[in-house]
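Undergrad: Can you keep this structure in mind? I'll have questions shortly.
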Amino acid sequence: MGQWQKKFVAGGFAGYEHNIFLSPGTLLRDGDQLTRQDLLTSGFYEGVSFKGDFENKFKEGRWKFGFATSIANFHTNPDADRFTLSLKSSYRKRYAKGKYFEIAPEFSRRSQQGINESDGVLRTTFSYTKFYLPLHLDYYLGNKTWFKTETAYTFKAYDQNDLGEKVSYHSAKTGLNFSKKWDKNEAINKLTFSGGIEYRYYTDLELEDEDDEDIEEEDEEDDFVARPNNPIAFIAEERQWFFYTMGLDYNVKNDRTNFDYTLGLYFVGRGDSEKRFGYRELSPALSMRYSKKKLSVTASLKYGMRKFSTLTVGDNDQLLTYNYLRGSVRFNVALPKNKAWYIKGNLVNRTANNNNINSLAFRGYLNNSIETGISIRF
């Protein structure tokens, strides 16, 4: 057995986030039209982060453990304060020539006030607890060619919101990945195809309406769920969603110029047992990375076109469509004594053909942020 290698990184950061809770820019309520100032929550924040990684390499394999946590405090909007925690581990072993086995469970927790009003189907909170258990079987086929498989189980539970709603799901997923590398024009080229399917079983819980006298007692036994340490009864609703994904990536890495980029094309399809909220989404994407001496720059841009299969908007029964523009950029500068300074920005802009200003759901929104900070490795 080898020695455990340990790496720790502590950091402090500050930034500004626009439209934290993903609200649309207009809303009509009780005959009054609300302004962006009334709807959007934005503000400056500062915080700290800490993470650690442990690795033990041994013959034919290795162990990995890691954790990461951060706290962000918003000055003028305490409801937006954010706490995140993630724990992960990985055991990987070569059990035969060119054949590898890996199991890598993960646990994550996010705590932040507010309801995601942009999704009118589930109305989930921004706070959740998640457990993810993937199993990987990787095969090296020779000549820089890999075939990888993944089978995974996920449980995710969103916190109960102020309206008494609570959402959780179990999922089973399987996927594959095929990649091939080759040298061309003093650069390493890589082509990757991936695909997968996922089944999710949702449980939505809503508070019992005490004024509803039409529900018979015999139905209550089946439809209501008692929660531990909570005397309130909930109406249980079940959803079954199916996801289908495919992706194609072309990556070029040039060590001489310290520059690499990836062109990608991705497809996501969702079907549901209610046949109401299914959609198809196609997304081209571009990402790049450049490094020179103490400076590194990473950037990405992705444009998604989502069209729902049966969900309509407007008087003309037009199918609901979204267009997503997602972008990010990060500059990282190495400083003396294992320190680094960074500045990064993120953008998500969703446009929708839903012009119903009487509702927050299924609308477009704009969210962006800028952040800077210093990290220390030890």
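Undergrad: When the residues of region 158-186 are filtered to those that are more than 28 Å from Asn251 (Cβ to Cβ), open to solvent by less than 20 Å² (accessible area, probe 1.4 Å) and part of a strand (DSSP E or B), which remaining residue is modelled with the lowest pLDDT?
TA: For region 158-186, the residue satisfying everything is Val167.
Undergrad: Being at pLDDT below 95 and more than 15 Å from the chain's Cα centre (by Cα) is the filter here; which residues of region 119-136 pass it?
TA: Once the filter is applied, which keeps residues that are at pLDDT below 95 and more than 15 Å from the chain's Cα centre (by Cα), region 119-136 yields Gly120, Val121, Leu122, Arg123.
Undergrad: Identify the residue in region 16-42 that is on the phi > 0 side of the Ramachandran plot and in contact with a strand residue (DSSP E or B) (Cβ under 6 Å, 6 or more places away or on another chain) and, among all such residues, is surrounded by the fewest Cβ atoms within 10 Å (Cβ to Cβ). I'd like the intermediate steps shown before the answer.
TA: Our first condition is that a residue be on the phi > 0 side of the Ramachandran plot; within region 16-42, this holds for 19, 22, 30-31.
Going one step further and asking which of them are in contact with a strand residue (DSSP E or B) (Cβ under 6 Å, 6 or more places away or on another chain), we end up with 19, 22.
Numbers: Asn19: 19, Leu22: 22.
Across region 16-42, the extreme among qualifying residues is Asn19.
Undergrad: Additional query: Which residues, counting only those in region 1-15, are assigned to a strand (DSSP E or B) and surrounded by fewer than 14 Cβ atoms within 10 Å (Cβ to Cβ)?
TA: The answer is Trp4, Gln5, Lys6, Lys7, Phe8, Gly12.
Undergrad: Given the conditions (1) at pLDDT below 85; (2) at positive phi, which single one is not true for Leu207?
TA: (2)
Undergrad: Same structure again: Going by what's in this entry, would Glu281 be described as under 28 Å from Ser23 (Cα atoms), more than 23 Å from the chain's Cα centre (by Cα) and charged (D, E, K, R)?
TA: Criteria not met by Glu281.
Undergrad: I've got another one for you. Do any residues in region 91-111 that are β-branched (Val, Ile, Thr) have Cβ atoms under 7 Å from those of residues that are in a strand (DSSP E or B), where the two are at least six apart or on different chains, and which pairs are they?
TA: Ile103/Tyr91; Ile103/Leu135
Results for (1) surrounded by fewer than 16 Cβ atoms within 10 Å (Cβ to Cβ); (2) in contact with an Asp or Glu (Cβ under 7 Å, 6 or more places away or on another chain); (3) under 28 Å from Ala68 (Cα atoms); (4) of a type outside the set (A, V, I, L, M), shown as yes or no for each residue.
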{"position": "Leu265", "(1), (2), (3), (4)": "yes, no, no, no"}
{"position": "Arg270", "(1), (2), (3), (4)": "no, no, no, yes"}
{"position": "Lys275", "(1), (2), (3), (4)": "yes, no, no, yes"}
{"position": "Val297", "(1), (2), (3), (4)": "yes, no, yes, no"}
{"position": "Ala334", "(1), (2), (3), (4)": "yes, no, yes, no"}
{"position": "Arg350", "(1), (2), (3), (4)": "no, no, no, yes"}
{"position": "Ser375", "(1), (2), (3), (4)": "no, no, yes, yes"}
{"position": "Phe378", "(1), (2), (3), (4)": "yes, no, yes, yes"}
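Undergrad: Quick check: anything in region 74-88 in a strand (DSSP E or B) and out of contact with any strand residue (DSSP E or B) (no Cβ under 7 Å at 6 or more places or on another chain)?
TA: No, because not a single residue in region 74-88 is in a strand (DSSP E or B) and out of contact with any strand residue (DSSP E or B) (no Cβ under 7 Å at 6 or more places or on another chain).
Undergrad: Listed residues Asn116, Asn73; which is under 23 Å from the mean Cα position of the chain (by Cα) and at pLDDT 95 or above?
TA: After ruling out the rest, the residue left standing is Asn73.
Undergrad: Taking the options Asp119, Asp204, name whichever one is acidic (Asp, Glu), in contact with an Asp or Glu (Cβ under 6 Å, 6 or more places away or on another chain) and touching a residue at least 40 places away in the same chain (Cβ under 8 Å).
TA: Criteria check complete, one pass: Asp204.
Undergrad: For region 30-66, name all the residues that are without any contact (Cβ under 8 Å) to a residue 12 or more places away in the chain and assigned to a strand (DSSP E or B).
TA: Asp32, Leu34
Undergrad: For region 45-61: of the residues being open to solvent by 40 Å² or more (accessible area, probe 1.4 Å) and modelled with pLDDT of 95 or more, which is farthest from Tyr100 (Cα to Cα)?
TA: The qualifying residue farthest from Tyr100 (Cα to Cα) is Glu46.
Undergrad: I would also like to ask the following. For residues in region 289-329 being over 22 Å from the mean Cα position of the chain (by Cα) and of a type in the set (Gly, Ala, Ser), which is nearest to Glu17 (Cα to Cα)?
TA: Ser296
Undergrad: Consider region 62-104. How many of its residues are open to solvent by 80 Å² or more (accessible area, probe 1.4 Å), farther than 23 Å from Lys148 by Cβ and of a type in the set (D, E, K, R)?
TA: 1
Undergrad: Same structure again: Could you say whether any residue in region 316-325 is open to solvent by less than 60 Å² (accessible area, probe 1.4 Å) and of a type in the set (Val, Ile, Thr)?
TA: Taking every residue of region 316-325 in turn, at least one turns out to be open to solvent by less than 60 Å² (accessible area, probe 1.4 Å) and of a type in the set (Val, Ile, Thr).
Undergrad: Name the residues in region 140-153 that are in contact with a Lys or Arg (Cβ under 7 Å, 6 or more places away or on another chain) and surrounded by 15 or more Cβ atoms within 10 Å (Cβ to Cβ), would you?
TA: Ala152
Undergrad: Does Asn358 count as among the polar types (S, T, N, Q) and within 26 Å of Leu286 (Cα to Cα)? Walk me through how you get there before you give the answer.
TA: Working: among the polar types (S, T, N, Q): yes; within 26 Å of Leu286 (Cα to Cα): no.
Answer is no for this residue.
The values are calculated or read from the model by the stated rules, or taken from the named source; none is laboratory data. Bear in mind that the values here come from a model prediction, so they are computed numbers and not experimental data. With ideal geometry, Cβ positions are generated from the backbone for all residues, glycine too; neighbour counts draw on all protein chains shown. The area values use the complete protein model at the heavy-atom level, side chains included, leaving out ligands, DNA and RNA. Shrake-Rupley method; radii C 1.70, N 1.55, O 1.52, S 1.80 Å.
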